[in-house]
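Reading through the structure tokens given below for one structure.
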Amino acid sequence: QTDSDYMYAHLIHPPTVKDGSRVRTGEGIGTVGRSGNARGEACQLHFELWPRGYRDSAPADPLGALRAWDRFS
């Protein structure tokens, strides 16, 4: 567990996993949709990484973390 928070936005329904759950590469956790301010656009998925938590920091580019996780998995 880390101090970081991760968020997916614009899902049709809330994710199927609970906070703190371990997920595996390729595991489905939700269905992409048009929620929030994406209603007038095509379906999209928005992923955010908050390095020191959602309430205590600003979002950071998650690309480096995604690449590291991809190598790990």
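Name the single residue that is most open to solvent (accessible area, probe 1.4 Å) among those in region 58-69 being without any contact (Cβ under 8 Å) to a residue 12 or more places away in the chain and more than 13 Å from TYR6 (Cα to Cα).
Residue satisfying both the conditions and the ranking: ARG67.
If you take the residues of region 46-59 that are within 12 Å of the chain's Cα centre (by Cα) and at pLDDT 90 or above, which of them is farthest from GLU27 (Cα to Cα)?
PRO59
If VAL32 passes every condition in (1) in contact with a Cys (Cβ under 9 Å, 6 or more places away or on another chain); (2) among the aliphatic types (A, V, I, L, M); (3) modelled with pLDDT of 85 or more but one, which one does it miss?
(3)
The values are calculated or read from the model by the stated rules, or taken from the named source; none is laboratory data. Not measured: the values here are computed from a predicted model. Note that we place each Cβ from the backbone using ideal geometry, even for glycine, and neighbour counts take in every protein chain shown. For accessibility, only protein heavy atoms count, side chains too; no ligands or nucleic acids. Shrake-Rupley method; radii C 1.70, N 1.55, O 1.52, S 1.80 Å.
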